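Working notes for the structure below.
The values are calculated or read from the model by the stated rules, or taken from the named source; none is laboratory data. Worth saying up front: this structure is predicted, and the values here are computed from it rather than measured. Glycine gets a Cβ as well: all are built from the backbone with ideal geometry, and neighbour counts include every protein chain shown.
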Amino acid sequence: MDERSSNLSRIPSIDEILKTATAAAAIDRFGRPSVVAAIRRSVESARKAVVAGSATPCGVEAVARSAVARLEADAKLNARPVFNLTGTVLHTNLGRAVLAEAAIEAATAAMRQALALEFDLKQGKRGERDSLVRDLLCELTGAEDATVVNNNAAAVLLALNTLAKGKDAVVSRGELIEIGGAFRMPEIMSRAGARLVEVGTTNRTHEKDYAAALGPKTGLILKVHTSNYRIEGFTKAVSARAIVALAKPHNVPLLNDLGSGTLVDLARYGLVHEQTVSEAVAEGADLVTFSGDKLLGGPQAGFIVGRRDLIARLNKNPMKRALRIDKIRLAAIEATLRLYRDPDRLAQRLPTLRLLARGKPEIEAAARRVLPAVGQAIGSRFVAALTACASQIGSGALPQETIQSAGIAMRVAGTRGSGRALNALVTAFRDLPVPVIGRVEDDAFVLDFRCLEDEAAFIDNLKSLQCEESA
Ligand SMILES: *Cc1c(COP(=O)(O)O)cnc(C)c1O
């Protein structure tokens with residue numbers, strides 16, 4: 001007990017530690033209140049260790065350094081860039097689309113300076129924020145009018161609330177989807193104040209099902225792109241064109257939620273054709289909704305394009321104000337949409353398309369170049385080898401379609417304790433200055449190289465890899 005209390009009295013005081021050069025330098029970097037708080041925590045944990053008998057008191061300098069380590073760990077941004085080597089190009093948990101340089105420049109300028117956001121520069125009077133992108137959206141989709149909100153979920157909510165509040169919203173049972181998280185079509189409908197009228201069955205819906213549901217209380221018919229699953233076998237769905245033909249005489253609009261929504265024919269870039277927004281507009285849908293940060297390759301946003309009179313009603317809904325988009329994203333959207341005017345160079349300039357269109361040989365060559373550095377970094381406990389991968393678009397777009405890719409698979413050498421060793425490896429990659437996120441498959445940690453463009457930065461980052469020795 002005596003020894004313990006004498007040990008306790010030898011723990012340096014906060015004031016003593018604050019006088020060290022280490023603390024002075026830390027105050028310059030982090031500010032005095034943070035440094036004092038960190039030192040207090042380090043002193044406290046030193047005291048606890050002594051009380052527990054697990055340590056003897058350490059010197060002034062050691063406590064100061066432990067406080068600085070705390071501050072440094074805490075100074076890392078929570079919103080940290082990562083290497084997305086999952087093979088899923090539009091990974092919702094990793095922020096979906098990576099933006100084009102033109103979009104980044106436009107967003108940066110919008111952050112740095114005042115912006116003609118709701119100001120008509122020709123007339124010198126108040127303008128509308130949507131007008132920054134309205135003409136471009138109409139040009140690229142063939143629609144009469146357009147508006148933009150926070151995301152596609154908001155676009156669907158706004159359209160339902162505006163056109164079907166207190167009315168029936170008719171939808172096929174095969175399209176009552178859950179996108180993920182809290183976005184389930186039936187719940188969105190009830191929040192929008194619309195009454196859900198389900199027609200058809202899970203696998204088959206006919207024109208006569210829609211026809212029977214149409215009546216004076218019908219606010220709209222909703223068609224939802226079943227983007228994240230597919231029903232196969234004995235199936236039937238009614239085309240948008242046929243629904244429009246049925247609904248027009250009743251003056252009931254069709255809202256077509258495309259989900260991902262692409263503005264170009266993906267087949268042009270060697271991918272599977274996905275209905276474009278222009279095609280959906282040309283089919284006669286009164287309104288079409290789609291995302292900004294899925295296949296379109298821009299920032300998070302939701303677009304609604306279609307009939308001018310309906311868009312005008314959406315814009316008058318007070319909800320529009322609550323769902324509106326900020327100037328930074330609006331600037332990035334405008335710059336992204338402008339890239340679509342030059343389809344020949346789109347795949348070069350738009351990262352989403354560039355990454356999706358990358359051919360397997362090119363990706364494999366990159367993996368081959370990086371392999372020696374990976375092998376060296378992971379040490380002799382593990383082996384690394386080239387492997388074939390199957391990339392995905394992600395965000396629910398064409399989930400059945402995989403794109404041939406290549407990467408590196410890391411395995412534990414030998415089998416003893418391999419599960420724990422592999423986990424330690426996955427964690428070590430996640431702990432890198434730029435965390436590397438891959439996939440665990442068949443007892444291997446796999447990095448799909450489709451989304452790796454900066455090989456030098458990747459190799460440089462590997463220098464900090466620290467694989468735990470014990471397993
Ligand atoms: C992704 C998706 C949504 C939601 O879009 P967000 O932009 O993520 O809000 C809605 N409907 C469909 C069909 C989707 O695929």
Quiz item: Can you name the residue in the stretch 424-446 that is touching a Lys or Arg at 6+ places or on another chain (Cβ under 8 Å) and under 17 Å from P81 (Cβ atoms) and, of all such residues, is surrounded by the most Cβ atoms within 10 Å (Cβ to Cβ)?
Solution: V436
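So if I check each of G166, G127, which one is in contact with a Gly (Cβ under 7 Å, 6 or more places away or on another chain) and assigned by TED's automatic domain parsing to the domain that holds I179?
Of G166, G127, the one residue that is in contact with a Gly (Cβ under 7 Å, 6 or more places away or on another chain) and assigned by TED's automatic domain parsing to the domain that holds I179 is G166.
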Exercise. From G259, G298, grab the single residue that is within 16 Å of the ligand (Cβ to nearest atom) and at pLDDT below 95.
Key: G259
Quiz item: Is it fair to say A388 is farther than 21 Å from V89 by Cβ and at pLDDT 95 or above?
Solution: no
Quiz item: Out of the stretch 141-153, which residues are more than 18 Å from G284 (Cβ to Cβ) and assigned to a helix (DSSP H, G or I)?
Solution: N152, A153
Self-check item: Within the stretch 417-452, tally of residues that are touching a residue at least 12 places away in the same chain (Cβ under 8 Å) and in a loop (DSSP other than H, G, I, E, B)
Solution: 9
Quiz item: In the stretch 126-152, what count of residues is obtained for those that are small (G, A, S), farther than 12 Å from L330 by Cα and surrounded by fewer than 19 Cβ atoms within 10 Å (Cβ to Cβ)?
Solution: 2
Quiz item: Somewhere in the stretch 268-286, is a residue crowded, with 24+ Cβ neighbours inside 10 Å, within 16 Å of the ligand (Cβ to nearest atom) and assigned to a loop (DSSP other than H, G, I, E, B)?
Solution: yes
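Listed residues E44, E105, E16; which is touching a residue at least 60 places away in the same chain (Cβ under 8 Å), acidic (D, E) and in a helix (DSSP H, G or I)?
E105
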Quiz item: Which of the residues spanning the stretch 208-235 are of a type in the set (D, E, K, R) and more than 26 Å from T162 (Cβ to Cβ)?
Solution: K208, R230, E232
Practice problem: Go through the residues of the stretch 291-303 one by one and say whether even a single one is over 30 Å from Q113 (Cβ atoms), assigned by TED's automatic domain parsing to the domain that holds R129 and out of contact with any Lys or Arg (no Cβ under 9 Å at 6 or more places or on another chain). | Solution: yes
Quiz prompt | Residue selected from the stretch 86-102 under the condition β-branched (V, I, T) and not in a loop (DSSP other than H, G, I, E, B), by the criterion farthest from R439 (Cα to Cα) | solution = T92
Quiz item: Within the stretch 197-210, is even one residue within 15 Å of the ligand (Cβ to nearest atom) and in a loop (DSSP other than H, G, I, E, B)?
Solution: no
Quiz item: Looking at (1) part of a helix (DSSP H, G or I); (2) more than 30 Å from A154 (Cβ to Cβ), which is the one condition that is false for R411?
Solution: (1)
Quiz item: Of (1) among the β-branched types (V, I, T); (2) assigned to a loop (DSSP other than H, G, I, E, B); (3) buried (at least 21 other Cβ atoms within 10 Å of the Cβ); (4) in contact with a helix residue (DSSP H, G or I) (Cβ under 7 Å, 6 or more places away or on another chain), V252 satisfies all except one. Which?
Solution: (4)
Quiz prompt | Where a residue in the stretch 393-406 is over 17 Å from N84 (Cα atoms) and in a loop (DSSP other than H, G, I, E, B) and its partner, wherever it lies, is within 14 Å of the ligand (Cβ to nearest atom) and acidic (D, E), with Cβ under 7 Å and at least six apart | solution = L398/E274
Quiz item: Taking the stretch 222-238 on its own, how many of its residues are away from the ligand (no atom under 16 Å from the Cβ) and buried (at least 17 other Cβ atoms within 10 Å of the Cβ)?
Solution: 1
Exercise. Evaluate the following for T22: is it among the hydroxyl-bearing types (S, T, Y) and in a helix (DSSP H, G or I)?
Key: yes
Practice problem: Scan the stretch 329-346 and give yes if some residue there is modelled with pLDDT of 95 or more, surrounded by fewer than 17 Cβ atoms within 10 Å (Cβ to Cβ) and of a type in the set (A, V, I, L, M), otherwise no. | Solution: no
